[in-house]
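These notes are about the structure you will find just below.
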Number of protein chains: 2
Amino acid sequence: MTHSHHLDPYWLRWRQRIDQCLERLIPSARISPPLLHEAMRYAGIGAGKRYRAALVYAAGHALSSSEEILDIPACAVELVHAFSLVHDDLPAMDDDDLRRGKPSCHKAFDEATAILAGDALQTLAFEVLSDPAWVRRPAASRLQMVHTLAKASGSLGLAGGQVLDLNLASQDPTLKTLAAMHQRKTGALIEASVLMGGLCATDDSEILTRLKNYARPLGLAFQVIDDVLDGTADTDTLGKPAGADRERGQPTFLSVLGEAPARQYAQDLREQAIGALDDFELDATLLIALAHFTLERSH
Amino acid sequence: MTHSHHLDPYWLRWRQRIDQCLERLIPSARISPPLLHEAMRYAGIGAGKRYRAALVYAAGHALSSSEEILDIPACAVELVHAFSLVHDDLPAMDDDDLRRGKPSCHKAFDEATAILAGDALQTLAFEVLSDPAWVRRPAASRLQMVHTLAKASGSLGLAGGQVLDLNLASQDPTLKTLAAMHQRKTGALIEASVLMGGLCATDDSEILTRLKNYARPLGLAFQVIDDVLDGTADTDTLGKPAGADRERGQPTFLSVLGEAPARQYAQDLREQAIGALDDFELDATLLIALAHFTLERSH
C-alpha cells in the first residue's frame, strides 16, 4: 500500500467531475468556429493527470468546501495548464509532437489553430471564474481567484518561467537557478491551485499562508520528479516522448543532481510541504496524500 | 473643422495617461525575465491609436466617471488589443513584419518570445482588473469587467474571429459572412471597451444596453474604414504594410463592396451608432465625436 492510498476513492470521481464540467464550459464543436472549439476540446478534455485540479479539490476538502463549489476553480486551473501545454509544444518553443499520449495540438490541427486555441483556453479560465451564473462564492473571493490565477499565469509565473526555460539550454545552471525557473514555470500554478481551493472556503490569511507554505515546496518536488521520470521512464508510460530533455540538452534536476540525490531532494521538499500542515486544525489527509502521490506517481 | 473636433483636447491626454499607466503596469525590463518584459513593453507601450482606450474614457465621461477610475479598464482593453496584434502578426497567422511603424514583435525579438509576450499581455489585462490594490470600483463591478473582457477576447470574440478570418481567403464571402467575422474579430473588443467604461459608473442595464447598441455598429464601421484605408492609404500613413489584404487575397469590405459603397456603409453604421444615443439623458458629446472620428481617421 502506498502513502497516497487515501486518494484512491477520489481520483476517478475528480477526473470525471473535471471532464464533465469542461464538456459544459468549452463550447461545442457545433458552435462557430468549429475548428477552434474542436482544438480547444482536444487539448482540454479527457486526458491529463488532473493533478492541479486535485490540489484545488484537496485544499477545499481540508476546509470543508463542497465539490460543487470547487468544480469551477478546478476547471480554471486545468484550462490554464492546458493552454500552457499547447503553447509550450509549438515548433517555436519545445517543438514536441506528442502530448498526453496523442499528437500535440499543432500536429492534430495546425499551428495557427493551436496558438489561438491556447489563447482562448487561457481566456476561458478567466471567463468561467467571473461568470455571473457562477454565484457560489462572493464577488470579492472570485476576484481574488482571478487575481491569483492571473499572477500565476503571467510574466512572473508560467509565461516568465517558459522564457527562462527556453534560455536555459545555453547555460550551465546551478540548482538555485533551476529551482527559481521551475518555481515560476510549474510552481506558480501549483501554488495558485492550492490557494484557489482555499479561497473557496475562507479568506483567513493565516490559513492561506499555511496553504502557500505547503504548495511551494510541493510544486518544486513535482518538477523534480517530472525530470526524473523524463529521464528514466518510457514514452508509453509518460504519454510524451521520454528522454526529450536529454535529447535537446536541456538542464534538469536529473542532469544537475543525478537520480538518487534528485529523489532525495524531492523527499526533503515533500517533508517540508507536509510540515507546513503540522498542527493544522483542519483535515489535511488529502493534502498529505497528494504530497505522497507527487513522489509515487509513474507519469 | 471635422465633426470629431470635440476630441481634440482629449486625445493627447488620454494617450499620455495610457502610456504612463502601462509603464507602471508592465514590469520593467530590469525584472526577470528581461527579454519577456522588454517584448511586452515593446508591443504594449508608446504606439497605437488608443482607439479602444478612448472608447473607455468617452463612455465613462458620458456617465461622469473620473479618468482616474477609467485608467485601469482602458489599459486592460489596450493590453488585450496589443496581445491580439502580436499573435495575429506571427508567421503562422498573418505573417506581418511591420506593425505601428516598427518591426512586429516576432521580428524585433523572436517567435517564441512573441508568443509568450502575447500570452502574458493577455494575462496582465485580467491581473490588473482584479488587483486588490485597485479598489476604485466594487468587487462585483470589477468581476463584471473581467467577464466582459474575457468574453470579448475568447473563442466567441477575438480568437474565434481570427480563426474565421484565416479561413476566409479560400471562400467568396457575402457581406453578411464578412460582417459576422468582424463582429467577433474587431467588434467584440470595441463593444467591451464601451461597456467597461460604462461599468466604471453604473450597473443600470438600460444604460449598458444603450451603450452596446452604440458600440456594435461602431465596431463594424471601424473595420469597414480599416479595410478601405488598407486598400487606399500608403504604408507610411498606416504604420503597417498598405495593400496587405489585397496581396494575400484576403476578402475585405473594400473588395466585396467597392470603395464608395463601403464608405456609404460605414456612414450608415455611424448613423446607427449615434442614433442609439438619441434622447440619452447623459452627455454623449465625446461618444458622438468618436463615431465621427471612426470615419474621419487617416490610419
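The values are calculated or read from the model by the stated rules, or taken from the named source; none is laboratory data. All figures in this text were calculated on a predicted structure; none of them were measured in a lab. Ideal geometry is used to build each Cβ from the backbone, glycine not excepted, and the neighbour counts take in all protein chains shown.
Observations on the structure shown:
- Any hit, the range B:51-69, residues being under 30 Å from A:Asn167 (Cβ atoms), of a type outside the set (Ser, Thr, Tyr), part of a helix (DSSP H, G or I) and touching a residue at least 12 places away in the same chain (Cβ under 8 Å): no
- Some residue of the range A:196-204 being charged (D, E, K, R) and touching a residue at least 60 places away in the same chain (Cβ under 8 Å): yes
- Counting only residues that are crowded, with 24+ Cβ neighbours inside 10 Å, of a type outside the set (A, V, I, L, M) and within 7 Å of chain B (Cβ to nearest Cβ), the range A:113-146 holds 8 of them.
- Residue match in the range A:64-71 (condition: within 12 Å of chain B (Cβ to nearest Cβ) and among the hydrophobic types (A, V, I, L, M, F, W, C)): no
- Scanning the range B:72-92 for residues that are closer than 21 Å to B:Leu208 by Cα and among the small types (Gly, Ala, Ser), we see that the one that is nearest to the other protein chains (Cβ to nearest Cβ) is B:Ala76.
- Restricting the range A:5-54 to residues that are at pLDDT below 95 and of a type in the set (Gly, Ala, Ser) leaves a set whose member that is surrounded by the most Cβ atoms within 10 Å (Cβ to Cβ) is A:Gly48.
- Being of a type outside the set (Ser, Thr, Tyr), crowded, with 21+ Cβ neighbours inside 10 Å and either touching a residue at least 60 places away in the same chain (Cβ under 8 Å) or more than 10 Å from every other protein chain (Cβ to nearest Cβ) (or both) holds for only one residue in B:Ala179, B:Ala152, and it is B:Ala152.
- Scope the range B:102-114; condition in contact with a helix residue (DSSP H, G or I) (Cβ under 6 Å, 6 or more places away or on another chain) and free of Cβ contacts under 8 Å to residues at least 40 places away in the same chain; matching residues: B:His106, B:Ala112
- Subset of the range A:187-210 [of a type in the set (Val, Ile, Thr) and surrounded by 24 or more Cβ atoms within 10 Å (Cβ to Cβ)]: A:Ile190, A:Val194
- Residue match in the range B:34-42 (condition: of a type in the set (Lys, Arg), assigned to a helix (DSSP H, G or I) and free of Cβ contacts under 8 Å to residues at least 40 places away in the same chain): yes
- Pairs with Cβ under 7 Å, 6+ apart, first in the range A:74-100 and free of Cβ contacts under 8 Å to residues at least 60 places away in the same chain, second hydroxyl-bearing (Ser, Thr, Tyr) and not in a helix (DSSP H, G or I): A:Asp89/A:Ser104
- Breaking point among (1) surrounded by fewer than 20 Cβ atoms within 10 Å (Cβ to Cβ); (2) modelled with pLDDT of 95 or more; (3) more than 16 Å from B:Leu156 (Cβ to Cβ); (4) among the aliphatic types (A, V, I, L, M), for B:Ala244: (2)
- Within the range B:266-282, considering residues that are over 20 Å from the mean Cα position of the chain (by Cα) and not charged (D, E, K, R), the one surrounded by the most Cβ atoms within 10 Å (Cβ to Cβ): B:Ala276
For every residue, the table says whether it meets (1) exposed (fewer than 13 other Cβ atoms within 10 Å of the Cβ); (2) assigned to a loop (DSSP other than H, G, I, E, B).
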residue: A:Val228; (1), (2): no, no
residue: A:Asp236; (1), (2): yes, no
residue: A:Gln250; (1), (2): no, yes
residue: A:Val256; (1), (2): no, no
residue: A:Ala262; (1), (2): no, no
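- Among residues of the range B:157-176 being under 17 Å from A:Phe109 (Cβ atoms) and within 12 Å of chain A (Cβ to nearest Cβ), the one that is surrounded by the fewest Cβ atoms within 10 Å (Cβ to Cβ) is B:Asn167.
- Residue in the range B:100-116 that is modelled with pLDDT of 95 or more and closer than 21 Å to B:Gln223 by Cα present: yes
- Of the helices (runs of 4 or more DSSP H) lying entirely inside the range A:151-201, those containing at least 3 residues that are more than 17 Å from A:Leu254 (Cα to Cα) and either modelled with pLDDT of 95 or more or out of contact with any strand residue (DSSP E or B) (no Cβ under 9 Å at 6 or more places or on another chain) (or both) are A:158-166, A:188-199.
- Just one of the listed residues (A:Leu211, A:Leu269, A:Leu254) is in contact (Cβ under 8 Å) with a residue 12 or more places away in the chain and either closer than 24 Å to A:Gln144 by Cα or aromatic (Phe, Trp, Tyr) (or both), and it is A:Leu211.
- Unmet criterion (only one of (1) surrounded by fewer than 24 Cβ atoms within 10 Å (Cβ to Cβ); (2) modelled with pLDDT of 95 or more) for B:Asp94: (2)
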